[in-house]
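Scroll down for the structure; my scribbles are underneath it.
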């Protein structure tokens, strides 16, 4: 019985710790604009779409690092500062959600994921 209680408590603690480490906040277009209008200098816009998608149009001053590139994590480590706030977006929200989770695991502290991606940004 004691072993079962210890096991359950251990699993609960690990699960709680895992959830507590998630630093990704899903934001909509209005919240995105509010963050940008705050004029903070430590905000990075990260476009995780392919280069071809990026070249067709992106959000001003966005940095492109293709999520599907096998060097994605290495590029993020070398090109991004973990102290900065990062707003991640893709075309519709799928890749940016996955990229945000990876960035969190890499130790980035403040990550925002643009809900609906670039498509939601350009739609009015």
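Only the coordinates and a few stated rules stand behind these numbers; no lab work does. Computed from a predicted model, the values in this text were never measured in an experiment. As a convention, Cβ positions derive from the backbone with ideal geometry for all residues, glycine included, and neighbour counts pool all protein chains shown.
How long is the gain from residue 119 to residue 98 if the chain were fully straight, where each residue apart is worth 0.36 nm and the alpha carbon distance is subtracted?
So the chain would gain 5.8 nm between residue 119 and residue 98.
May I ask you to sort 106, 45 by Cβ crowding, counting other Cβ atoms within 10 Å and putting the fewest first?
Listing 106, 45 from fewest to most nearby Cβ atoms yields 106, 45.
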